[in-house]
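Input: a single structure, listed below in structure tokens.
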Amino acid sequence: MKRSTLGSFLALPLLAFGSASCTTVQQIRVPVVRPAPVDFAGGRTLAIHRFAGSDAGSLEGDFVRALRGATNPATGKPGFEVLDRSQVDHLLDRMQGAGSTEIDTKGKELLARWRSVEVILKPTVAEHGVRETVEVTPQVNAKVFQGVTLTRQATAVVRLEVRALDGKDRTLDQVELVGRAQRTTKATNGKPASIDHAALLANARAQVVQRYLARVMPRREFVGVNLYFDKTLPDLQVGNGFAQTGDWQAAHDSYRTATEQATGELAKVRYKALFNLGVALEFTQRFAEARKAMQDAFRLEQDRIITAELSRLARREKDAARMRPQPQNATPGQ
């Protein structure tokens, strides 16, 4: 028997055992957006202070560019408006060069934006360097000395501490991030090739930056979603087809039609239409309606597929609330 791949497996009907009977369902993969582990209480405007510590220049540039370029997968828009201290320093340099204490219109706008920031990041570079060693290993064959092998190993370590504060100097988050990159070269009876320290450090810095983005940015992931189908309710399969393409509103309309058809002789499969309708409502973020449809389905058929989706619905509702923009006059942390 030929082994199925995971992709073909997910496209096939699955057997899910409920409490009452064996029910055929179809599983599809659905992209969802999960909130960031640290969401700064909804704050979207970041001000980045000067990086403290030695050798901070390269990491500071990488860090600022990455945050400015990060896109929120839920909106397709930049995740943050990012201000960095170099902008203020540039303004002060211009004023000093002109021998003036007057601030032009652009300068006033910049300072006003700094005063209105919701989150202030204070990074400190605790470590940024490369350690290199050369190890000598004698080569002996039948107790006869054959020479030596020299092993050169370089390890880059970048350690960054980032403290996030709100506008009232209260700590929102504090984390230490570490990036490591290593390379080894060898040579027998000769000098091992040199190792590019700058490239190793760039690799380690990139790790640190990506770990911070993973901490503060929402992420997209795929989840498996079960949907019922039944040959006596063709609109269920029509809706499942729409769901596979991501058109949850069209799927909703087909499932709604199926629930209206599931009367009389078809009442025994009405729970399938109600459940699928609830899933479509869930993925269009109409959570209260989704919960009611799934609960109605569960009253008709106590299938564990339904209880599992109700649990996910509760989690997704909480996730959506966390990612919902706060009112403009809200204070981060409230």
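Just so you know, all these numbers are worked out from the coordinates, no wet-lab data involved. Here the structure is a predicted model, which means the values were calculated and not measured. Reconstructed Cβ throughout: ideal geometry from the backbone, glycine too, with neighbour counts over all protein chains shown.
Positive end of the dipole of the chain (Cβ unit charges, origin at the Cα centre): among Pro192, Ser58, Gln207, the Cα lying farthest that way belongs to Pro192. Close amide H pairs (under 5 Å, H built 1.01 Å from N) link Gly129 with Val157, residues at least 5 positions away or on another chain.
Between the alpha-carbon centres of region 123-137 and region 290-313 there is a gap of 55 Å. From its DSSP helices (H runs of at least four residues, each -39,500 (n - 2.57)), the chain gives a residue-normalised ellipticity at 222 nm of -13000 deg cm²/dmol. With the charge dipole of region 40-217 set up from +1 on Lys and Arg Cβ and -1 on Asp and Glu Cβ about the Cα centre, the Cα lying farthest toward the positive end among the listed residues Ala74, Gly147, Gly43 is that of Gly147.
For Ile48, the amide hydrogen comes within under 5 Å of the amide hydrogens of Leu83, Asp84, Arg85, Leu121, counting only partners 5 or more places away or on other chains and with H modelled in the peptide plane. In terms of its alpha-carbon gyration tensor, region 77-236 comes out oblate; a/c meets the 1.5 threshold, while b/c is at least as large as a/b. With a sphere of radius 12 Å drawn around the Cβ of Ala193, what net charge do the other residues whose Cβ falls strictly inside it have (Lys, Arg +1; Asp, Glu -1)? My count for the surroundings of Ala193 gives +3. For region 65-78, backbone phi angles converted through the Karplus equation (6.51, -1.76, 1.60; θ = phi - 60°) give residue-by-residue couplings of 4, 5, 5, 5, x, 6, 10, 6, x, 6, 10, x, 10, x Hz, Gly and Pro being listed as x.
With a Förster radius of 51 Å applied to the C-beta separation of Lys191 and Thr124, the computed FRET efficiency comes to 0.85. The lysine pair tally for the chain, using Cα distances under 28 Å and a gap of 8 or more places or different chains, is 21. Using θ = phi - 60° in the Karplus curve 6.51 cos²θ - 1.76 cosθ + 1.60, the 3J(HN,Hα) couplings for region 244-254 round to 4, 8, x, 8, 6, 5, 5, 4, 4, 5, 5 Hz; x is entered for Gly and Pro.
The amide H of Asn72, built 1.01 Å from its N in the peptide plane, has Lys77, Gly79 as neighbours under 5 Å, considering only residues 5 or more places off or on other chains.
Summing +1 for each Lys or Arg and -1 for each Asp or Glu among the other residues whose beta-carbon sits under 12 angstrom from that of Gln174 gives +1. With θ taken as phi - 60° and the Karplus curve 6.51 cos²θ - 1.76 cosθ + 1.60 applied, the whole-hertz 3J(HN,Hα) list for region 294-311 is 5, 5, 4, 5, 5, 5, 8, 8, 7, 9, 5, 4, 5, 5, 5, 6, 4, 5 Hz, x standing for glycine and proline.
Would you look at the GNM of the chain, springs on alpha carbons closer than 10 Å, and say which of Val130, Val140, Val158 moves the most? Among Val130, Val140, Val158, the largest GNM mean-square fluctuation belongs to Val140. Using Rg and Dmax of the Cα atoms in Å as the read-out, say which of (1) 19.5, 61; (2) 29.0, 93; (3) 22.6, 67 was calculated from these coordinates. Only one option fits the structure, namely (2).
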